[in-house]
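Inspection log for the structure reproduced underneath, given as structure tokens.
The values are calculated or read from the model by the stated rules, or taken from the named source; none is laboratory data. Predicted model, so just to flag it, every value in this text is computed and none were measured. Heads up, the Cβs are rebuilt from the backbone with ideal geometry, glycines too, and the neighbour counts pull from every protein chain shown. When the accessible area is computed, the model is the full protein with side chains, heavy atoms only, and any ligands, DNA or RNA have been set aside. Shrake-Rupley method; radii C 1.70, N 1.55, O 1.52, S 1.80 Å.
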Amino acid sequence: MIPRELFAKIRRIEIRTKGLVNNVFGGEYHSAFKGRGIEFSEVRPYQFGDDIRTIDWNVTARTGDTFVKIFEEEREQTLLLVVDISGSSDFGSRDKFKREISAEICAILGFSAIKNNDKVGLLLFSDQVELFVPPKSGRRHVLRLIRDLFAHEPCSSGTSIQAALDHILRVIRRRSIVLLVSDFLDDGFEKPLRMVSRRHDTVAVQLQDPREKSLPSLGLVTLFDPETNRAQLLDTGSRVVRKAFRQSSLDRNTQLKVLFRRARVDHVEIQCGEDFVDPLAKFFRARAQIA
């Protein structure tokens, strides 16, 4: 039984997402993620202007009339939503935690996928694979995934992106779209990311909270790391400390961009506390132009 509060939250997301999919993302998703190729559909009588290279000579010889082959884009694909639910996903200095933003982004992509008759799966991870839901199609399935995104209680608070990527390499054989949603506060996953990118169309969605990039001047503050359960006393009143904190964040972000570029993984930055619709739509449009 789904708690009433959670049911209401899922229903609100579905209603909001439906409008975004119909008005913004439905067509963008189709254009950004092309089908696997072109497949034969049927034959029809030759018409003036048809490319002679499409003539089906076997049918033409058998019937005595000229027929051409009709091809269609093979559309059905698989979208795998790979979501970080480690301890840092329950952080947010604005109106929503990262995990809530992840759920809303996945809802948009999930409903866009089923509108295009694609299948959608879910992988939740911390420093281990917490939950894997095999890809299926249909509205009820996507609603189930959204429920899992909100309701699943992780067994661990750490982060291992490598564990999630290794699992993908083991269980997802058919080429798919892999949407990796995380704050990427982790290391040592470049090699498996390259391997996943070779097999699958991979997109990294990076969630960034303002308080992870800069500190306000509040004097002595105890910072708690939800992934290691360690606390550290920091003098935020010191300009040197604030500058070092900001520089460390900038350096980390630069390293991530280089890592994604080397792995040939598309990268979207989402700023927590700001509307994520515009950067997501902009990313889709840019991909569509390249495709």
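Per-residue counts of other Cβ atoms within 10 Å, averaged by peptide: what ranking do you get for 214-227, 116-129, highest first?
My ranking of the peptides, most packed first, is 116-129, 214-227.
Contact order normalised by length for the chain, with contacts defined as Cα pairs under 8 Å and 6 or more residues apart; what percent is it?
19 percent
Quick one: putting +1 on the C-beta of Lys and Arg, -1 on the C-beta of Asp and Glu, what dipole do you get for segment 183-291 around its Cα centre, in Debye to the nearest 20?
560 debye
For the chain, with all protein chains present and a 1.4 Å probe, just round the carbon and sulfur fraction of the accessible area to a whole percent.
50 percent
Can you tell which of GLN77, THR66, GLY121 lies farthest toward the positive end of the dipole of segment 65-126, using +1 and -1 charges on the Cβ of basic and acidic side chains (Lys, Arg; Asp, Glu)?
Final value for the positive-end residue is GLY121.
Compute the projected area of the convex hull of the Cα atoms of the chain, averaged over all viewing directions, and report it in nm² to one decimal place. Present the calculation step by step, with values, prior to reporting the outcome.
Values: hull surface 77.4 nm².
Convex hull of Cα atoms, orientation-averaged projection: 19.4 nm².
Excluding GLY158 itself, what net charge comes from residues whose Cβ is under 10 Å from its Cβ, given Lys and Arg +1 and Asp and Glu -1?
Here the count lands on -3.
Output the antiparallel fraction of DSSP beta bridges having both residues in the chain, as a percent to the nearest 5.
Just about 45 percent of them are antiparallel.
Between segment 117-148 and segment 220-273, what is the separation of their alpha carbon centroids in Å?
For segment 117-148 versus segment 220-273, the Cα centre distance is 29 Å.
Could you give the angle, 0 to 90 degrees to the nearest 10, between helix 161-171's Cα long axis and the longest principal axis of the Cα atoms of the chain?
Roughly 30 degrees between the two axes.
A 21 angstrom limit on the alpha carbon distance is what I want to check against. Which of LYS69/LYS136; LYS96/LYS119; LYS213/LYS243 exceed it?
Working: LYS69/LYS136 31 Å; LYS96/LYS119 28 Å; LYS213/LYS243 10 Å.
LYS69/LYS136; LYS96/LYS119, as the Cα separations exceed 21 Å there.
Given just the C-alpha atoms of segment 72-183, how large is their convex hull per residue in cubic angstrom?
Enclosed volume per residue, from the Cα hull, is 96 Å³.
Could you size up the charge dipole of the chain around its Cα centre, putting +1 on the beta carbon of Lys and Arg and -1 on that of Asp and Glu, and report it in debye to the nearest 20?
Working: 47 positive and 40 negative charges, 22 e Å.
That gives a dipole near 100 debye.
Round to the nearest 10 and give me the degree value, 0 to 90, for the angle of helix 277-290's Cα axis relative to the longest principal axis of the chain.
So the inclination is approximately 40 degrees.
Given a 1.4 angstrom probe, what's the average accessible area per residue across the chain, in square angstrom?
The answer is 55 Å² per residue.
Heads up, I need the accessible area for HIS141: 1.4 angstrom probe, whole protein in place, Å², nearest 10.
Counting only protein heavy atoms, the figure is 20 Å².
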